[in-house]
Amino acid sequence: MTCGDCTAPSGKNYSIDPAVNELLKKAEQEKILTAWDRYEQQRPLCGFGELGICCRNCLQGPCRINPFGEPKAGICGADADLIVARNLLRMVTGGSASHTDHAYSAIQCLRLITEGKAEYDLKGKDKIASVAAKLGITTHGKKDAEVAHEIAMTALQDFGNFTEEPMRWLRASAPAERVEVWKNLGVLPRNPDREMRTAMHKTAMGVDGSPLNLLLAAVKSGLIDGYAGLQMGTDIQDIIFGIPKPAKSAANLGVLERDKVNIIVHGHMPEVSDKVVEWAEKLEGDAKAAGAAGINVAGICCSGNEVLMRRGVPVAGNFLSQELAVITGAVDAMVVDVQCFMPSLPKVAACYHTKIITTQDIARLPDAEHISLTPENADSQAQKIIGAAIEAYKKRDARRVQIPAHKVEAWGGFSVEAIVGALAKVDPKNPLKPLVDNIVSGAIKGAVGVVGCNNVKVTQDAFHAELVKDLLAHDVLVVATGCSAQGLAKYGFLNPEGAKQYAGPGLLAVLTAVGEAAGLGGPLPPVLHMGSCVDNSRIGDLLSALAGYLKVSTKDLPVAASAPELQHEKAVSIGVWAVALGLLTHISLPPPVLGSSLVTKILTNDIEGLTGGKFYVEADPHKAAQGILSHIRHKRANLGI
Ligand code: BF8
Ligand code: SF4
């Protein structure tokens, strides 16, 4: 691939991140296209696609529905409601498939470790015990590896389940009250693979013609996402790589270092990112021999979150920063695994010395180097990756390096275990009591999980930051994951100073009391970084624990979720799971459903009568904050607090 065949980009400000805006100017000077430029080229986007009223499910089509007149049905007679519902089910199932396949890789890795065939240790001994306990696996007299093997096989049994019994992992993880609600709706998934196959079957030409039935199947796909994707993924990854603990690090492109070999880990699988970090430490000497001061690993997207959470590795940026990281000219290798890396990367990298390295056989990029990394060969392949990065470093052109001077202290590692551990310093016998007491007293009004992506349709990070500012100022505790957490990190929401800057007085007092009791010497950050997108299960676990303590349903808690800048179909699946848990789930960009008033009404209104949750679409961050606050007040009033 050659560089320089791009047309000049527009150079507008598309982000509130000063590092990104600085590098967009460099991209313009160097005539390199980014996602923002390609977005401009795509506009106007297809209205049928945006509304969800295009169907390509058979070869008689594609068929389109005219929202203003005729035709009102496709060739087979499918109307807008049916087409939108079918498309949504495929989208949610697509997201669930991504998360489930990710979790499946982790499960296989765990199985191979326990069979002595994989080049990883078991670092999360405490997690082995807690996961075994919830699954009803006895541990007495057994070695950790034996119990971990039973855990892996139990997970795999869910994927081999041919009975009508619902998934064991779901029943072991979700609150009993929720399981009953989902059972009554007929949406409890049995074998996740079987349900996803059925979802594809249901949506084929000439099968399910009921929009309502299809939407219930979408809820089932959301539950697959929640329990076969997120929950299994997090539980198993914690067993292999350890339960995260709070750790201080830094965020934004200023974490790149001019005199070191810079390696970016990007994607989602800690099997890759954790190994790269391990071998980067071990092979520092090779980098020094090549004239560098050492090796600096930084993360983008959820791979970055995984190694921030467990190893304190700095975050270079979130989804929309990935091309800009290459454009610094300082990245020697970008190592990707699965999900959320742009196919544009080799083209951008062709303008520099940067090596794009793919590692998973399901995810190849033409013009990238492929170093296939599996559980069985992880050590040797990780060494090859580091070697390739060092070789690339030797070709770096120092004149083209521009590392923005933006770097902000950021804390990660707030697993549920870590949060409960910090609270236990205040009340060792009853750790949740201090949190609940402060919610009851009104010092903390409620909690919101702010999650999800960047989306080129909205200014990068702006919605995350503005929404969170308003919530914190009104004494709402914020937890974050995914690219949202990485975005918030850049503006100081993830460090103790941010508590003083952003938190309302009630929230600040609690953050200070807990932070000091936990030995941090100051307040906790006002936004607690709970991890990657699969780690949204940690938010689910926290909600389950709070609901259990208060003896109420998760739907009754003064909490909400928001994915302000969602882009990936995974984010839609997570949103459906959150709605199934009973949460008000805010989004600023609607998924392609507006072509059906029936589907839109069910998702934003009627479903509340079934699960207690619903989607809330609001494109203005301050109005969204008001809407969420009024929901929290309403839930508090219902609880009599
Ligand atoms: O799984 S937040 S852009 S990186 S999809 Fe992708 Fe969205 Fe980022 Fe993590 Ni999640
Ligand atoms: Fe058209 Fe029906 Fe075929 Fe879809 S399934 S493309 S609506 S004929």
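Taken together, the values in this text are just the output of simple stated rules run on the coordinates, not laboratory data. This structure is a prediction, so every number in the text was calculated from the model and none was measured. Neighbour counts run over all protein chains shown; Cβ positions are idealised from the backbone, glycine included.
Calculate how many DSSP beta bridges within segment 253-400 are antiparallel, expressed in % of all such bridges and rounded to the nearest 5. Intermediate values should be presented prior to the final figure.
Values: 1 of 19 bridges.
So the antiparallel bridges amount to about 5 percent of the total.
Based on a Kirkwood Rh over C-alpha pairs, give the Stokes-Einstein translational diffusion coefficient of segment 80-241 at 10 °C and viscosity 1.306 mPa s in µm²/s. Can you show the working numbers first?
Details: Rh = 16.4 Å.
It comes out at roughly 97 µm²/s.
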For segment 166-175, in residue order, the Karplus 3J(HN,Hα) values (coefficients 6.51, -1.76, 1.60; θ = phi - 60°; whole Hz; Gly and Pro = x) are x, 3, 5, 4, 5, 4, 7, 10, 8, x
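What Kirkwood hydrodynamic radius do you get for the chain when you take the inverse of the mean 1/r over all pairs of distinct Cα atoms, in Å?
On the way: mean 1/r = 0.0401 Å⁻¹.
The answer is 25.0 Å.
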Computed over the Cα atoms of segment 352-511, the Rg and Dmax in Å are 21.4, 61
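What chymotrypsin sites (Phe, Trp or Tyr not before Pro) in segment 52-145 are in a loop by DSSP, with at most 16 other Cβ atoms within 10 Å of the Cβ?
Working: sites: Phe68, Tyr104, Tyr120; in loops: Phe68, Tyr120.
Loop-located and lightly packed - Phe68.
Sequence gap at least 6, Cα distance under 8 Å: using those rules, report the relative contact order of segment 26-133 to the nearest whole percent.
On the way: 52 pairs, mean separation 13.1, N = 108.
Relative contact order, segment 26-133: 12 percent.
By per-residue mean of other Cβ atoms within 10 Å, what is the highest-first order of 428-436, 29-37, 257-265, 566-574? Don't skip to the answer; put the middle values down first.
Working: 428-436: 15.0, 29-37: 19.9, 257-265: 24.2, 566-574: 26.0.
Sorting 428-436, 29-37, 257-265, 566-574 by mean packing, highest first, produces 566-574, 257-265, 29-37, 428-436.
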In whole Hz, the Karplus estimates of ³J(HN,Hα) for segment 142-154 (6.51, -1.76, 1.60; θ = phi - 60°; x where Gly or Pro) are 9, 6, 3, 5, 5, 5, 4, 5, 4, 5, 4, 5, 5
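For the chain, what is the calculated [θ] at 222 nm in deg cm²/dmol (nearest 500), taking -39500 (n - 2.57) for each run of four or more DSSP H residues and dividing by its residue count?
Values: 28 runs with 309 residues, N = 641.
Theoretical 222 nm ellipticity from helices: -14500 deg cm²/dmol.
State the dimensionless ratio Rg/Rh of segment 20-79 (Rg: radius of gyration of Cα atoms; Rh: Kirkwood radius).
Values: Rg = 18.5 Å, Rh = 14.3 Å.
Ratio of gyration radius to Kirkwood radius for segment 20-79: 1.29.
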Descending packing, highest mean Cβ count within 10 Å first, for 207-217, 491-501 is 491-501, 207-217
Along principal axes, largest first, the alpha-carbon spread of segment 57-135 in whole Å comes out as 62, 26, 17
Binned at 5 Å starting from 0, the alpha-carbon pair-distance distribution of segment 219-295 in whole percents comes out as 3, 12, 14, 19, 17, 13, 9, 6, 4, 2, 1, 0
Karplus ³J(HN,Hα) for segment 608-615 (6.51 cos²θ - 1.76 cosθ + 1.60, θ = phi - 60°; Hz, whole; x = Gly/Pro) runs 4, x, 9, 10, x, x, 6, 7
So, relative contact order of the chain in percent, Cα under 8 Å, 6 or more apart, is 16
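Give the dimensionless ratio obtained when the Cα radius of gyration of segment 240-339 is divided by 2.2 N^0.38 Å.
Numbers: Rg = 12.6 Å, N = 100, 2.2 N^0.38 = 12.7 Å.
This ratio for segment 240-339 stands at 0.99.
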For segment 385-423 the trypsin sites (Lys or Arg not before Pro) that pass both the DSSP coil test and the at-most-12 other-Cβ-within-10 Å test are Lys394, Lys395
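Please give the direction-averaged projected area of the C-alpha convex hull for segment 416-639, in square nanometres with one decimal. Numbers along the way, then the final one.
Numbers: hull surface 44.6 nm².
Directional mean of the projected Cα hull area for segment 416-639 stands at 11.1 nm².
Tell me the relative contact order for segment 80-241 as a rounded percent, counting alpha carbon contacts under 8 Å between residues six or more apart. The partial results should precede the final answer.
On the way: 198 pairs, mean separation 72.4, N = 162.
Relative contact order, segment 80-241: 45 percent.
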Here, segment 446-525 modelled as identical Cα point scatterers in vacuum has Debye log10 I(q)/I(0) at q = 0.11 Å⁻¹ of -0.27
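So what's Rg/Rh here for segment 253-400, counting alpha carbon atoms and using the Kirkwood radius for Rh? All intermediate terms of the calculation are to be shown ahead of the outcome.
Working: Rg = 13.3 Å, Rh = 14.6 Å.
My calculation puts Rg/Rh at 0.91.
Using the Cα atoms of segment 515-562 to build a convex hull, what is its mean projected area in square nanometres? Present the calculation step by step, with values, prior to reporting the outcome.
Working: hull surface 17.7 nm².
The orientation-averaged projected area of the Cα hull of segment 515-562 comes to 4.4 nm².
If you restrict to DSSP beta bridges whose two residues both lie in the chain, what percentage is antiparallel, to the nearest 5?
Values: 9 of 50 bridges.
Approximately 20 percent, going by the DSSP bridge assignments.
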Residues whose built amide H sits under 5 Å from the amide H of His586, excluding neighbours closer than 5 in sequence, are Ala561, Ser562, Ala563, Tyr616
